[in-house]
1. Tell me which of Leu154, Ile118, Leu137 sits at the most positive position along the dipole axis of the range 109-183, charges placed on C-beta atoms (Lys, Arg +1; Asp, Glu -1).
2. Within the range 70-376, what percent of beta bridges assigned by DSSP are antiparallel, to the nearest 5?
3. Multiply the residue separation of Glu174 and Glu306 by 0.36 nm, subtract the distance between their alpha-carbon atoms, and state the gained length in nm to one decimal.
4. Once amide H atoms are placed 1.01 Å from N in the peptide plane, what residues at a sequence separation of 5 or more from Met404, or on another chain, have their amide H within under 5 Å of its amide H?
5. Fewest to most neighbouring Cβ within 10 Å: what's the order for His323, His247?
6. Sort Ser158, Ser249, Ser173 so the one with the fewest other Cβ atoms within 10 Å of its own Cβ comes first.
7. What three numbers, in Å, describe the spread of the alpha carbons of the range 70-376 along their principal axes, ordered from the longest?
8. What are the ³J(HN,Hα) couplings of the range 209-226, residue after residue, when phi is run through the Karplus curve with 6.51, -1.76, 1.60 and θ = phi - 60°? Round to Hz, x for glycine and proline.
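None of the figures in this text is laboratory data; all of them are computed from the coordinates on show. None of these values were measured; they are calculated from a predicted model. Ideal geometry is used to build each Cβ from the backbone, glycine not excepted, and the neighbour counts take in all protein chains shown.
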Amino acid sequence: MYKKITRFSRLSALTLNLVNGIKERVFKELLKGSFYGVKMRNKIRASLIKIDQAVDLPIALDSIQNCIFPGFCDVHVHFREPGFSYKETIKTGSLAAARGGYTTVFTMPNLNPVPDSIEHLRQELSIIENDAVIEVLPYGSITVEEKGEKLSDLESLSKNVVAFSDDGKGIQSEDMMREAMLKAKALGKIIVAHCEDNSLLKGGYIHDGVYAKEHGHRGICSESEWGPIERDLRLAKETGCAYHVCHISCKESVELIRKAKAEGVDVTCETAPHYLLLDENDLKEDGKFKMNPPLRGKEDKEALIEGIKDGTIDMIATDHAPHSEEEKAKGLEGSAFGIVGLETAFPLLYTGLVKTEIISLEKLIDLLSINPRKRFGIEEDEEDYTVWNLEEEYEINPDDFASMGKATPFEGKKVFGKCLMTVCHGQTVFMEDDFSDINE
Ligand SMILES: [Zn+2]
Ligand SMILES: [Zn+2]
């Protein structure tokens, strides 16, 4: 059955383009389950439809190459404002998100001031109000200044934040985490945790594996991540708090979360595109390969892909973490942790996981769009969507990014999938140049 959702009224060129444009193979993917697709009404009009079950196509679609998806939702980005606008601003970050097909993002609180009280949060909220081109929802910090010592004013923050996180830092004290979970549970909010045990870091900055040993680098062991996850899963079970783990990168984390889910713990988790597509064997002596957690071993990458396939990993977030050129120019040891990701996530994942038939296109849309909204209670807006040409191949070139951050380990990589347009709450927030020419 077709359920008509919305009609393109102001975009006749889009519809014209669509008439010439979804390949049968793509449409087959669309037909597999509950999915959004395009229904031709006549030569110049199309409707965005939801396909609930396999159906026969109403008309012959010869060579249509464009595809419409519900807008992507990234639960983990750093837009650096207020405090670090030399790295990124809410304006440039949200433009980058729109260009990557995102209509909703959640911003992490490692800012200045840290949104640990309603007064501090207000600064971020007012910039969002003025500058954001898509829906930008801030996290409140779990602890004051993300120091892990004293709870933020969770109660007063609660109504204005999507959830609570101290991303960038792990909460070291078990008692502190328990207190946070109890409070968050009472407020009906999710605790979103960057899991990192500082006592195990020992000055490390890449994975404590073969590459680090061979090249004389200090490594970060996997236990610094899975140790705190193990602790938090126990606490989540004890308190009944809804718990979400940020950017998991190693096989032990996948296994712990798989087990906790089977035991009924209210846990979800994310990983990022780079952990699924790269491992330590891809490392180069270049700051653009440095992020936290680090690229792990090949067996970790494979375990993450298994976690994606069996549903242990619920969503893919970018951990978009822009820095200045200078901050990223100091090699593996000296550069800041973090890479950009909003403008490359879909093409990388489509090329690396869907075209290679590791996962279906529908599964990828679940990971990027459907599951994050479900977990965090963000309503799907029928007027949030993004249009992609899945056939076009091109090279990733950071000079093209709308983000102020240019550091990505995928620079120069050939990918498929070009974003043509993104619409947020009915407003066109990104349109590709060539595409807008056609539109005139
Ligand atoms: Zn983090
Ligand atoms: Zn982060």
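1. Selected residue: Leu154.
2. Antiparallel bridges: around 5 percent, rounded to the nearest 5.
3. 44.5 nm is the gain from fully extending Glu174 to Glu306.
4. Here Thr89 satisfy the definition.
5. His247, His323
6. Least to most surrounded, the residues fall as Ser173, Ser158, Ser249.
7. 49, 41, 41
8. x, 4, 4, 4, 5, 5, 10, x, 9, 7, x, 9, 6, 5, 5, 4, 8, 6
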